1. Among the listed residues A:Tyr292, A:Tyr326, which satisfies the condition of being of a type in the set (Phe, Trp, Tyr), in a strand (DSSP E or B) and at pLDDT 95 or above?
2. If A:Val215 satisfies all but one of (1) touching a Phe, Trp or Tyr at 6+ places or on another chain (Cβ under 9 Å); (2) of a type in the set (A, V, I, L, M, F, W, C); (3) within 9 Å of chain B (Cβ to nearest Cβ); (4) surrounded by fewer than 22 Cβ atoms within 10 Å (Cβ to Cβ), what's the number of the condition it fails?
3. Tell me, yes or no, whether the range A:224-232 has at least one residue that is assigned to a helix (DSSP H, G or I), more than 14 Å from every other protein chain (Cβ to nearest Cβ) and polar (S, T, N, Q).
4. Name the helices (runs of 4 or more DSSP H) wholly within the range B:108-185 that hold at least 2 residues that are modelled with pLDDT under 90 and within 22 Å of the chain's Cα centre (by Cα)?
5. When the residues of the range B:204-230 are filtered to those that are more than 9 Å from chain A (Cβ to nearest Cβ) and aromatic (Phe, Trp, Tyr), which remaining residue is farthest from B:Asp39 (Cα to Cα)?
6. Being farther than 30 Å from A:Phe274 by Cα, away from every other protein chain (no Cβ under 14 Å) and surrounded by 16 or more Cβ atoms within 10 Å (Cβ to Cβ) narrows it down to one of B:Arg168, B:Arg79, so name that one.
7. Report yes if B:Ala14 is within 12 Å of chain A (Cβ to nearest Cβ) and surrounded by 24 or more Cβ atoms within 10 Å (Cβ to Cβ), otherwise no.
8. I need a count of the residues in the range B:122-144 that are out of contact with any Leu (no Cβ under 8 Å at 6 or more places or on another chain), surrounded by 15 or more Cβ atoms within 10 Å (Cβ to Cβ) and of a type outside the set (A, V, I, L, M).
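The values are calculated or read from the model by the stated rules, or taken from the named source; none is laboratory data. Everything numeric in this text was worked out from a predicted model, so none of it was measured. Here the Cβ positions follow ideal geometry from the backbone for every residue, glycine too, while neighbour counts run over all protein chains shown.
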Amino acid sequence: MLIGSQKRRRFHLALALSACSALALGLMGCPPPANQSGISGSPSGPSTTLIVGFVGPLTGDAASFGISQKNGIEMARDEINAAGGVGGSPVTVVYEDTQLDQNKAITAFNKVTDSDKATVVLGETSSANTKAIGPLAQRKGVLLLSPIASSANLTTSGFPLFRISPSDAFQARIAAQYALSRGWKTTAILYTNDEWGTGLKDAFATDFKAGGGQVLGDTGVEPKAQDIRPSLTKIKSLKPAFIYIPMHPDEAGVAIKQAKQLGIASSFLGADSFSEPTIAKIAGSATDGVVYTMPASGFGAAYDQFAKQYQAKFNGAPNYNAAAGYDALKVIAAAAKRAGKTDATALATALKQTKNYEGASGSITFDTNGDVTSKAFDLKKLQNGQSTLVQGHIAINK
Amino acid sequence: MIWQALYNGVVTGALYALVALGYTLIYGVARLINFAHGDVMMVGAYTCLFCMERFHLPPAPALLAAIAAGALIALLIERLAVRPAARKGDRLAPVISTIGASVVLQAGAGLLFGAAARSLPGGKLLDPIYLGPIQTTLAQLSTLVGGSVLTLVLALFLKFHLYGQAIRAVADDPTLAETVGIAPHRIAQIAFALSGIMAALAGIAVGLDSSLRPTMGYSLGFMGFTAAVLGGIGNPTGAILGAMLVGMVSSLTGTYLSSAWLPGYVFGTLALLLLFRPQGLLPGRKAVAT
């Protein structure tokens, strides 16, 4: 079908692009071997300069996600450079806008790695686009770290990836535990049919069933769908105790609004997308009482200091995405300092040694997959468009 | 469940009909697909929101302002994007030009109102109403009744009004129409304005029932466009039939299969139908004049 062929075309495009760049690299000859002799003196040669590329949406529908991360990264860069940079030279960050479009993400990735010579790429923002650039990063030997992509599927996608946000497998488990603790035995899952939504749907179904719950049915919609009535009509007929709704803000707002119009009485249990004010802007009071999971942030000395400086610099409170962007560059700079080198292999080895790093987005320890296992989640509830804490700091026990 | 699914399909069909008629009218007189048509919907919806939020206008004047804005933007598209490009005699240039207009409108709305999705304040219009096995809302009923009445008025206009007859004459044979004294660009303006009015109303219906954002015209426009092609582009009756078919396919596949592959089902229907009836459900633009 259309979507399948588009994907295939994109895949072919990615293949062609990477083939071209591989050919170009081959023609130019292998890069000269890094200076490994460790001659005494200043290590500020060009090979030790840390160049980081950011690949994410800075304009378009998802611009707010990218701009928050960029703000956080800018703060981290200024701090690192004010303290002498890495290896004696300042860290450079180049930003490329993708508008959250998969083809543009591939172009942006190639631009920052080929033209700007970045050895580290921060991105993408969506799990689907991260999956699109992941194989390219692997082939080019570039270190890929996504500050906020969180799909459970990314852990097993087959390319190396570091993440600051915990995998959705964890928030799905906490959501399932919460539902079971409320005595809710039956659910229907209404999800966005993309990398992120299907990852949460599958992880939640597995954990909910394992805890004795019953999944009566699931139904997906395309991203940015504006008519969710058909799916809601199906779900209504199943009469679930609650509806698990891993949807992006645009669809989630419409779904909750139209569910009220259809007279659906089941409660909604959401994922981290519900922290976006868009949902209440669309659905108004229909969102009252919706409970959702959210990576815990806003605690600890590291966060307090970050929030204070963010407020001073950008004249607004930081969100999780800004904190994740900030931590992303900080852990990479710390790894580069430990390794004394800035090539992707050395950085990856050093990054994996990150243990209990107290960042603005929480504590960071990477497992062998590059997933963080040291973070906690909050359960929050929406009321009048505001989120209140139901239960804070639920540790993920992997 | 089946009654609800059928009802959802009819309401969605009535909405798509408003959009599809715009495509088909413009195609009839100007021989082009207006790719900015979906964005005219968006302009209508945002005008309504803006008037209610910024100027605290009651719904009725805000609605009128939105209709005026829809007609105005459609006329501007005709004047600034279509006509200059069409003057050189190239069939493709004006079509590409409308794609440009679409980009400008989306970017402009993004700058003015932000990229985040919003909603028109619906109040009591969105409370559930129970009609036997069917749940609906006043907003949905207005879409259904309003859409049908508007469609009927348009049909009567095309049939009996002098300008309506002129639209059909230009659609049938622009050269002949010109020789009997009909100015094709004047008629094109009327068709664009009418399509703008219907698009603005469709945009408001979506903003009430669902949400609005600068890129909302993209997917809705494609549904309307598909409906117009399904029905036989240039044929208003065909556009309505096509819209009902697309509405039904969306609702039934979404309820009984999955909405996840909605564009696949809709375009699959289009591909299948065009395989057996390349001209669409009804004959194309020639039939407008019969």
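1. Result of the check over A:Tyr292, A:Tyr326: A:Tyr292.
2. (3)
3. No, every residue in the range A:224-232 fails to be assigned to a helix (DSSP H, G or I), more than 14 Å from every other protein chain (Cβ to nearest Cβ) and polar (S, T, N, Q).
4. B:138-160, B:162-172
5. Once the filter is applied, the top-ranked residue is B:Phe225.
6. B:Arg168
7. Answer is no for this residue.
8. Count: 2.
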